[in-house]
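Shown next, in structure tokens, is the structure this report addresses.
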Amino acid sequence: MTACELALAGVRPVVIEPRTGPSTEQRANGMVGQVVRLLDRRGLYERLSGGAHPAPVEHFMFAAFPLPFGRLEHNPVHTILVPQQRIEAMLAERARELGVEIRGGHTLTGLAQKDDMVVAEINGPDGSYSLESAFLIGADGGRSVTRKLSGIDFPGVTTDKTVSRAAHVSVPDSLRDPISGGLRIPAYGVIPPFLHHRTERGLVSFAPFPDGRTLISASTTSRPAGEEPFSVDELRDVLEYVLGVPVPIGPPAGDGPHMLRRTVGGNTRIADRYRDGRVLLVGDAAHVHSAIGGPGLNLGLQDAVNLAWKLAATVRGWAPDGLLDTYEIERRPAAERVTMQTQAQSVLVGPGPEVTALRVLFGELLEEPAVLQRVADLIAGADFRYDMGAPGPWVGRFSPDLGDVQRQGRAVLVDNTGRLAGVAAPWSDRVDVVGVPVDGVAAMLVRPDGYVAWAAATGGEPDVAALETALTRWFGAA
Ligand SMILES: Cc1cc2nc3c(=O)[nH]c(=O)nc-3n(C[C@H](O)[C@H](O)[C@H](O)COP(=O)(O)OP(=O)(O)OC[C@H]3O[C@@H](n4cnc5c(N)ncnc54)[C@H](O)[C@@H]3O)c2cc1C
């Protein structure tokens, strides 16, 4: 994603990637939050959805509470159910179309910073070599070599109590509830699909994916991981423990790769710094947290898009002073919100009667529309705004839908007054002027990452001086 955005912004990145083919690891099953709208803005959502545009979802979950977001007046929660391998394949294809060089089979092993460049040591199929570049971005995951080589600390907590088990399985047709799509367990009831289901002994989920695969997961603190390799039989035993009744699941049918994963505990950590000179971190390299609720790609892909245009501006020489520093200023709070909410969810789905009591109270609070809205905004990543120093309800937030005008990753001035093109003309190499009808909006300056830097409501005179200030602040001198 970072490479695609850099290429759109006129910079030529090289991607160093140890893998030579698609990952066989089963990770994300989908994305949730503003990233879905962001991908749509670039025309990338359509590649995953087969043509459709995203709409807010009626239901989602938080800490195993099914939440009726369809009731909200302003529902910010968008999702797409698609496995991470497809997301990665789509982004790799997009990067290649944009001319990005992807070096598969190459691994970063060392780096040194000089005044005007980074020298990366790389191990490739033909041996080791050095690569000089203006900047180096560590998008190399939670165990980031870039972060370690740069001496950036990764403070946070490790928990080792909960054992999570997940596997693709086969389920007898008689257990599939035709009405809800859930799992109908004799002498127990129906476990709804794609929602966490908590008991006082643990957490279960049942996910019958559209591609025919069925994923069941169970986590608990009371069944430690043994030495033996994890198996569907072990998952069946743990399911029986958590639910109190047997569930006759079997090994999956059909071709793999199939998920068969047992993880003990987890990490919640945020990098001490997102930047060390000419080295920057994005995605899991900068933060790790529980996967509960699936917030990882919303966080990481928005990091990528926030960083890329600022870094491109720096490389191309038009970045105003301090622009690159706003990457961490804006994105660290996003990571802090995600680590907070995943830790909160992990506690709320924990075992025991005290947690049940807490859930009763939390469930009552969720009946309040304002609380439901707050949780919806939290899940979407829309619960905080970037400090952009301009007034109004839109500034610092992801902009309302603007159709196709940001497919090329450019900043836009939405001018529905017909009078502001002249004001933005000195920035025409950096900012496009477009007309897009948006409710209540006379004009709006939207950065390449989709966030609003200045706006004027209909019914008043746009503050031209404030617009010029915003243009200069984000896009440099006229
Ligand atoms: C079980 C599980 C379920 C999840 N479910 C969801 C979900 O439903 N929704 C969601 O949004 N998120 C989910 N996540 C989180 C999501 O998978 C991560 O947030 C995401 O993969 C992070 O992307 P990344 O590119 O930062 O890091 P990674 O995906 O880890 O990619 C890092 C890349 O760096 C490469 N690399 C490693 N070392 C080097 C080196 N030395 N040199 C060069 N390259 C290197 C790796 O090969 C890899 O390609 C889940 C995670 C897990 C583990």
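The values are calculated or read from the model by the stated rules, or taken from the named source; none is laboratory data. Remember, it's a predicted structure, so these values are computed and weren't measured experimentally. Don't worry about glycine lacking a Cβ; one is built from the backbone with ideal geometry, like all the others, and counts go over all protein chains shown. Areas reflect the complete protein model, heavy atoms only, side chains present, ligands, DNA and RNA absent. Shrake-Rupley method; radii C 1.70, N 1.55, O 1.52, S 1.80 Å.
If you place +1 on the Cβ of every Lys and Arg and -1 on the Cβ of every Asp and Glu, how big does the dipole about the Cα centre of the chain come out, in debye to the nearest 20? List each step's numbers first, then the result.
On the way: 46 positive and 56 negative charges, 61 e Å.
Roughly 300 debye, rounded to the nearest 20.
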Could you list, bin by bin from short to long, the percent of Cα-Cα pairs of the range 238-282 in 5 Å steps? 5, 12, 11, 12, 12, 11, 9, 9, 8, 7, 3, 1
I'd like the distance separating the alpha-carbon centroids of the range 371-407 and the range 46-111, in whole Å. 18 Å
Is there a quick way to get the dipole size of the range 5-128? I mean about its Cα centre, with the Cβ of Lys and Arg at +1 and of Asp and Glu at -1; what is the value in debye to the nearest 20? 280 debye
Between LEU67 and residues 5 or more places away or on another chain, the pairs with built amide H atoms under 5 Å apart involve PHE60, MET61, PHE62
Calculate the spin-label point distance for THR263 paired with GLU101, positioning each point 7 Å from the Cα along the beta-carbon direction, and give it in nanometres. 3.5 nm
The chain: relative contact order in percent, alpha carbon pairs under 8 Å with at least 6 residues between: 17 percent
At R0 = 35 Å the Cβ-Cβ FRET efficiency linking GLU336 and SER174, nearest 0.05, sits at 0.15
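Which of the GluC sites (Glu not before Pro) across the range 315-394 are loop residues per DSSP, with 14 or fewer other Cβ within 10 Å?
Numbers: sites: GLU328, GLU330, GLU336, GLU354, GLU364, GLU367; in loops: GLU367.
Passing both the DSSP loop test and the Cβ count: GLU367.
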Quick one: Debye curve from the C-alpha atoms of the range 409-478, no solvent, what's log10 I(q)/I(0) at q = 0.12 Å⁻¹? -0.25
Take every Cα-Cα pair in the range 105-150 and report what % of them are more than 12 Å apart. 60 percent
Name the long-range amide H neighbours of VAL434: under 5 Å, sequence gap of 5 or more, or other chain; modelled H, no Pro or chain starts. LEU413, VAL414, ASP415
For LYS114, which aspartates and glutamates qualify as cross-link partners when the Cα separation must be under 14 Å and same-chain residues fewer than eight apart are set aside? GLU132, ASP276
Using DSSP loop states and a limit of at most 14 other Cβ atoms within 10 Å to flag trypsin sites (Lys or Arg not before Pro), what is the longest stretch of the chain containing no flagged site? 144-406
Inter-label distance, nm, simple model (7 Å from Cα along the C-beta direction), VAL190/ARG385: 4.2 nm
From the backbone phi of the range 136-145, what are the Karplus-calculated ³J(HN,Hα) couplings (6.51 cos²θ - 1.76 cosθ + 1.60, θ = phi - 60°) in whole Hz, Gly and Pro given as x? 10, 10, x, 10, 9, x, x, 9, 2, 5
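Sequence gap at least 6, Cα distance under 8 Å: using those rules, report the relative contact order of the range 390-478 to the nearest whole percent. Could the numbers behind the result be given before it?
Numbers: 145 pairs, mean separation 29.6, N = 89.
The normalised contact order for the range 390-478 reaches 33 percent.
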Which number do you get for Rg(Cα) / (2.2 N^0.38 Å) in the range 127-269? 1.36
Specify which residue in the list LEU67, MET31, HIS53 is farthest towards the positive end of the charge dipole of the range 17-71, using unit charges on the beta carbon of Lys, Arg (+1) and Asp, Glu (-1), about the Cα centre. HIS53
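Could you report the range 9-141's accessible area per residue, 1.4 Å probe, as an integer in Å²?
Numbers: 6610 Å² over 133 residues.
That works out to 50 Å² for each residue.
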Counting only the backbone N, which residues of the range 81-109 are under 17 Å from the spot 7 Å out from the Cα of TYR129 toward its beta-carbon? 100-109
Paramagnetic reach from VAL464 in the range 414-434 [backbone N under 11 Å; point 7 Å along Cα→Cβ]: 419-424
Determine which residues of the range 26-65 fall in the zone a paramagnetic label at ALA344 would reach in this model, i.e. backbone nitrogen under 16 Å from the point 7 Å along Cα→Cβ. 61-65
Accessible area of VAL347 in the full protein assembly, 1.4 Å probe (Å², nearest 10): 90 Å²
Cα centroid of the range 445-461 to Cα centroid of the range 295-366, whole Å: 23 Å
Which loop GluC sites (Glu not before Pro) in the range 23-63, with loop taken from DSSP, have no more than 16 other Cβ atoms within 10 angstrom of their Cβ? GLU25, GLU58
Using the Cα atoms as the points, what is the convex hull volume per residue of the chain in Å³? 158 Å³
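Could you give the accessible area per residue of the range 343-478, probe 1.4 Å, as a whole number in Å²? Don't skip to the end; give the middle numbers.
Working: 6140 Å² over 136 residues.
Accessible area per residue: 45 Å².
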Pairwise label distance in nanometres, ALA425 with GLU93, each label 7 Å out on the Cα-Cβ vector: 4.3 nm
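Could you work out the relative contact order of the range 240-396, using alpha carbon pairs under 8 angstrom and six or more residues apart, expressed as a whole percent?
Values: 106 pairs, mean separation 28.6, N = 157.
It comes to 18 percent, rounded to a whole number.
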Please report the carbon-and-sulfur percent of the accessible area for the chain; probe 1.4 Å, protein heavy atoms only, DNA, RNA and ligands left out. 53 percent
Quick P(r) readout (the range 8-61; Cα-Cα; 5 Å bins; whole %) gives 4, 13, 17, 16, 21, 19, 6, 4, 0
